[in-house]
Amino acid sequence: MSLLKQLLLSVSVAVVGILLGTLAFSIGGARSYLSEQLQNQSENAASSLALSLSQPAAQDPVTRELLMAALFDTGQFSAIRLLGPDEKTLFEREKKTLDVAGRAPEWFARLLPLPKPVAERSISDGWRQVGTLSVAVDNRFAMDDLWSSSSKMTALIVVAGAVWACFVGMLLRWFRRVLHDEVEAQVQSIGTSQSQDAKVGASRVAELASVSHAIEDARVRVTQASNAQTQRIESLELETNSDPVTQLPNRKYFVNELQKALQTSVDAQGHVLIMRQRDLQAMNSSHSREQVDAWLSSVWQQVRKLLADNAQVPAQLARLNGSDFAVLLPGNLGPEGMHMVQKLRHLLQSQSMALNDTQWSRGAFALTAYTAADSVTDVLSRLDQGVMQAESAGHGDVEYAEQAPYPGAVIAGEGRWQQLLGKALQAPRQLQIAVQAFTSASLIGTDVRHEASLELHEDDGRVLGGPLFLPAVVRLGMSGDYDLQAVSLGLQWLAQHAGQVLIVRVSVPSLEQDDFVPRMQALLHSPQIQMLGTAVEQLVLELDAHALEVMPARVAEFCAATAQVHVGVGLRRLDQAPKALLQLPSLPLRYVKLGGFFAEQSLHNTGVRHLMEAMISTAQAQAAQVYITDAVAPEAASWLRIKGASLPAPPAF
């Protein structure tokens, strides 16, 4: 039992005891008073009647009987008796039991009985003894009065007790509210946000004033300690989860955020973009560490501002390690997400840092989509593979790392892609090619070639690069239509740029389509193309070497079809598909491309060097030129030129 209840219970017991004692003393006093009154009444009545009977005029028996009968008939006496000297009854009147019932119940009469006093007086006629008179008073009226007063007193006591009980209940509830408002609520609010602006006013109970002030002092101390602890925790979290140079979240934080994104729901989808600063070591060699750190901080502050200005596309930045940066784009699998990726790529490429008078820092970009079926390991593995392919290819485009399909996969934004890409095929001006010139130098000489990439021009003037929308083209089974459109646009470009060599890429998914080669053959034999004459011979269709591993017969059919109209065929990424080397001697190729990373490894790994020499010699045996797609170290460049390969000049950046 609480202390408050004990206090109120003790007070209540004391009050009840007082009330019951008051009731007992009141009833006892009333009973004593009534008993005395009955005794006095009997004495007085006996004395008066005896005096009257002793008068000479009352000596007649009839007169005496009339006097005694008149007194009895008043109803105040229960019995009147007159005995002669010889104990003979001369007169007697007595009430029967049925006549004496009053308002007071029998149990009350038994509980608090009143006496029936009897007064006796002698009656004489002069010196002669007449008899003895006895008078008994009827206590019925006194009992009724005692019952009435006791009932009223009891009712008053009960009402007072009920009022006291209600008062005690109200007092208890009021005190509990006071305790809750001034003690419990204030104590519970300590350490919460509600206590930051809480002010303790005057207490409604003087006894709790000191308690309220003590609580206020405790609240202030706890708030100060909590703020200090929060600042310390935030500082530790910042140190633990942030990169000290760029202030971006680190790999641990990014992995946790990616894990949350994958576990959001069964429909969780999004993209992850990774950017690798390929020349960070060279930058640290040619510039001070402070300059490089300031440059990195400045670049990624601009990226943050770009993302803040496009708040409709949620994003999370992170620095995975020294040279790798990642951008998490949850839920943006449609064209809007690709526009954001393109803006990021353009911004990062525009912030290149000079390494020397002729070279600038380079970046490699890789993008992959994720769904709830992926794990963090799957996503990061695809990104690692994609960024290595981007490094090997040497271009500044975004390398898209395709997801492995799984049953029932539904990609968010697919409907928007379907509408946008289908409309682009119907609108002649929405698909265009961007042509970039590449100069390569060897010991024999220098040659210039132009490489075309598709661009998607939307109605609002925005432009999407091929690497950002072609993965959606492949998913929707439209790769053949788009490759044919790219070839058609490339032929139109050649008609306007006589004597130039133009390379147009053909994707592996297009070759997998049974009708693609016949459609390509029909396009190259169309009258409009034949009008170009020898300009067609300047067109080179570039295939991925992976196609030779999975469909050598289809590649041979494609090469035969293009050879009929003297259209050349090139092969890229041969270093990433070594099994394609077996099919290489049977194909009429204009060139093969090898990655710079693979070429540099040949200086340090004997097996890689032998494989590189085999690829170069096999290609040269077919009169195919060997191009290295990326800048390499001077030692590797000298060795490759001796072997007859052509290297980029000037660098891509």
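Would you confirm whether any residue within the range 94-105 is at pLDDT 75 or above, in the same structural domain as residue 61 (by TED's automatic domain parsing), outside any loop (DSSP other than H, G, I, E, B) and among the aliphatic types (A, V, I, L, M)? No, the conditions are met nowhere in the range 94-105. Checking each residue of the range 265-272 against the condition of being within 16 Å of residue 352 (Cα to Cα) and not hydroxyl-bearing (Ser, Thr, Tyr) gives no match. Among the numbered conditions (1) within 24 Å of residue 630 (Cβ to Cβ); (2) free of Cβ contacts under 8 Å to residues at least 60 places away in the same chain; (3) in contact with a strand residue (DSSP E or B) (Cβ under 7 Å, 6 or more places away or on another chain); (4) buried (at least 22 other Cβ atoms within 10 Å of the Cβ), the only one that residue 341 does not meet is (2).
Yes or no, residue by residue, for (1) over 56 Å from the mean Cα position of the chain (by Cα); (2) closer than 25 Å to residue 549 by Cβ; (3) in a loop (DSSP other than H, G, I, E, B):
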| position | (1), (2), (3) |
| --- | --- |
| 456 | no, no, no |
| 464 | no, no, no |
| 470 | no, yes, no |
| 487 | no, yes, no |
| 495 | yes, no, no |
| 499 | yes, no, yes |
| 503 | no, yes, no |
| 510 | no, yes, no |
| 514 | no, yes, yes |
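Evaluation of residue 554 against the conditions (1) in contact (Cβ under 8 Å) with a residue 40 or more places away in the chain; (2) within 29 Å of residue 615 (Cβ to Cβ); (3) buried (at least 21 other Cβ atoms within 10 Å of the Cβ) shows that the sole unmet condition is (3). In the range 265-282, of all residues being within 20 Å of the chain's Cα centre (by Cα) and surrounded by 14 or more Cβ atoms within 10 Å (Cβ to Cβ), the one that is nearest to residue 326 (Cα to Cα) corresponds to 270. Per the conditions (1) in contact with a His (Cβ under 7 Å, 6 or more places away or on another chain); (2) modelled with pLDDT of 90 or more, the sole criterion not satisfied by residue 450 is (1). The set of residues in the range 283-323 that are crowded, with 20+ Cβ neighbours inside 10 Å and of a type in the set (D, E, K, R) contains only 319. The set of residues from the range 243-284 being under 15 Å from residue 387 (Cβ atoms) and charged (D, E, K, R) comprises 251, 276, 278, 279. The single residue among 456, 468, 425, 476 that is touching a Leu at 6+ places or on another chain (Cβ under 8 Å) and outside the structural domain of residue 519 (by TED's automatic domain parsing) turns out to be 425. The residues on offer are 542, 537, and the sole one that is touching a Gly at 6+ places or on another chain (Cβ under 9 Å), within 28 Å of residue 484 (Cβ to Cβ) and modelled with pLDDT under 90 is 537. Scanning the range 52-66 for residues that are aliphatic (A, V, I, L, M) and surrounded by 13 or more Cβ atoms within 10 Å (Cβ to Cβ), we see that the one that is modelled with the highest pLDDT is 53.
Got at least one residue in the range 635-652 being of a type in the set (Phe, Trp, Tyr) and over 24 Å from residue 396 (Cα atoms)? Within the range 635-652, one or more residues are of a type in the set (Phe, Trp, Tyr) and over 24 Å from residue 396 (Cα atoms). Kindly indicate whether any position in the range 190-207 is exposed (fewer than 13 other Cβ atoms within 10 Å of the Cβ), on the phi < 0 side of the Ramachandran plot and at pLDDT 75 or above. No, the range 190-207 contains no residue that is exposed (fewer than 13 other Cβ atoms within 10 Å of the Cβ), on the phi < 0 side of the Ramachandran plot and at pLDDT 75 or above.
Could you tell me whether any residue of the range 235-255 is without any contact (Cβ under 8 Å) to a residue 12 or more places away in the chain, hydrophobic (A, V, I, L, M, F, W, C) and assigned to a helix (DSSP H, G or I)? Yes, the range 235-255 contains a residue that is without any contact (Cβ under 8 Å) to a residue 12 or more places away in the chain, hydrophobic (A, V, I, L, M, F, W, C) and assigned to a helix (DSSP H, G or I). Candidates in the range 125-142 are the residues that are touching a helix residue (DSSP H, G or I) at 6+ places or on another chain (Cβ under 6 Å) and not in a strand (DSSP E or B); of these, the one that is nearest to residue 24 (Cα to Cα) is 142.
The values are calculated or read from the model by the stated rules, or taken from the named source; none is laboratory data. Only a predicted model underlies this, so the values are computations on that prediction, with no experimental measurement involved. FYI the Cβ positions are ideal-geometry reconstructions off the backbone, even for glycines, and counts take in every protein chain you see.
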